[in-house]
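Take a look at the structure below.
The values are calculated or read from the model by the stated rules, or taken from the named source; none is laboratory data. No experiment lies behind these values; they were computed from the predicted model shown. With ideal geometry, Cβ positions are generated from the backbone for all residues, glycine too; neighbour counts draw on all protein chains shown.
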């Protein structure tokens, strides 16, 4: 009898099907497991949306900068997009915030810098929000 207690989230990554909370933190936990041993942090559109600099809220997509390889992965919990960064560890650590979530998050300035570097969706950003404090 097949119990279906595990949901395959990625290669070698499973989520307990009976877990009560499978929210955005679940997607971050999956991303963290996918890039184990690499520096990864929430940035780009996901971070800028959290800061209110982008009005669209990505519900089923998480954008992450990583020292690991780039790639886009569709999971039953949403899509994870990894973008590779060549920044040094010191640069990365100095541009992240601890949020109490599984992954750290880029500062507003770092998320904007990352978005400009990858050259996409800059038209969505309310630059006035970027420079507020």
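Couple of notes before you dig in:
For every residue, the table says whether it meets (1) more than 13 Å from the chain's Cα centre (by Cα); (2) modelled with pLDDT under 90.
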{"position": "22", "(1), (2)": "yes, yes"}
{"position": "34", "(1), (2)": "no, no"}
{"position": "58", "(1), (2)": "no, yes"}
{"position": "70", "(1), (2)": "no, no"}
{"position": "78", "(1), (2)": "no, no"}
{"position": "90", "(1), (2)": "yes, no"}
{"position": "103", "(1), (2)": "no, no"}
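- Failed item in (1) without any contact (Cβ under 8 Å) to a residue 24 or more places away in the chain; (2) within 16 Å of the chain's Cα centre (by Cα); (3) within 26 Å of residue 117 (Cβ to Cβ), with residue 86 passing the rest: (2)
- Candidate set: the range 70-81, residues that are outside any loop (DSSP other than H, G, I, E, B) and in contact (Cβ under 8 Å) with a residue 60 or more places away in the chain; chosen: the one nearest to residue 117 (Cα to Cα): 73
- Scanning the range 82-109 for residues that are surrounded by 13 or more Cβ atoms within 10 Å (Cβ to Cβ), in contact with a helix residue (DSSP H, G or I) (Cβ under 8 Å, 6 or more places away or on another chain) and not in a loop (DSSP other than H, G, I, E, B) gives 82, 83, 96, 105, 106, 108.
- Test: residue in the range 57-66 that is surrounded by 20 or more Cβ atoms within 10 Å (Cβ to Cβ) and out of contact with any helix residue (DSSP H, G or I) (no Cβ under 9 Å at 6 or more places or on another chain): no
- Annotation note: of 64, 54, the sole residue that is in contact (Cβ under 8 Å) with a residue 24 or more places away in the chain and more than 13 Å from the chain's Cα centre (by Cα) is 54.
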